[in-house]
Amino acid sequence: MHCRYHAAQLRGHESEINEKGARLVAIGTGDRRYAQAFIDDEEIPFLVLLDEDGTAAEIAEVKKGGWMQLAGPATMPGALRATAAGHRQHRTGRRPRQLGATFVLGPGDVVRYEHLDSDVSDHAPVEEILDALDAG
Amino acid sequence: MDLQALAGLVLEDVEGTEHRLGDLWAAQPVVLVFLRHFG
């Protein structure tokens, strides 16, 4: 549920991101069917790419979690927030241990910002993403 | 992170269209979000 909650948060800020001259793109673990369901259910307007074998996540050094990062006590507040916002957990796909991450890249091969999620409830604060765009 | 390696990677979208990742941020900034899963 957390990743859908985060995606919905970003969707709400997409116009602001676009106004700063940037584009929002998501990469997900899962096959085409689950990606399409995610896009339809969450009304995702931005580009969603499939990383079925996890190559992109490995190159980006996205973290993997143990049970404490996936379902430990620290994840409960985020789970409650997501549930309160109307999101629920769906199937976790073939790599359930993979966590999320957010990068601000470019123009060109420049990393402006990175946030590697430390557990399933940890996501890059939208304010930090927008600040990174302003700093470029 | 090896950004050059990531830039050279090609991924498909839900329609099967291929996208070279580096092209996404060649000319403009991109907010690239790795979702844990689509569920």
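The values are calculated or read from the model by the stated rules, or taken from the named source; none is laboratory data. In this text, all values refer to a predicted model and were calculated from it rather than measured experimentally. Because the Cβ atoms are built from the backbone with ideal geometry, glycine has one as well, and the counts that use them run over all protein chains shown.
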Residues that are among the aliphatic types (A, V, I, L, M) and at pLDDT 85 or above: does segment A:80-101 have at least one? yes
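Filter segment A:109-130 down to the residues that are in a helix (DSSP H, G or I) and touching a strand residue (DSSP E or B) at 6+ places or on another chain (Cβ under 8 Å), then identify the one that is farthest from the other protein chains (Cβ to nearest Cβ).
Step one: of segment A:109-130, the residues in a helix (DSSP H, G or I) are A:126-130.
In the following step, the residues that additionally are touching a strand residue (DSSP E or B) at 6+ places or on another chain (Cβ under 8 Å) were identified as A:128-129.
Values: A:Glu128: 11, A:Ile129: 6 Å.
Of everything passing the filter in segment A:109-130, A:Glu128 is farthest from the other protein chains (Cβ to nearest Cβ).
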Please enumerate the residues belonging to segment A:10-29 that are in contact (Cβ under 8 Å) with a residue 24 or more places away in the chain and either more than 10 Å from chain B (Cβ to nearest Cβ) or of a type in the set (Ser, Thr, Tyr) (or both). A:Arg11, A:Glu16, A:Thr29
Yes/no for A:Leu133 being within 7 Å of chain B (Cβ to nearest Cβ) and either out of contact with any His (no Cβ under 7 Å at 6 or more places or on another chain) or exposed (fewer than 14 other Cβ atoms within 10 Å of the Cβ) (or both): yes
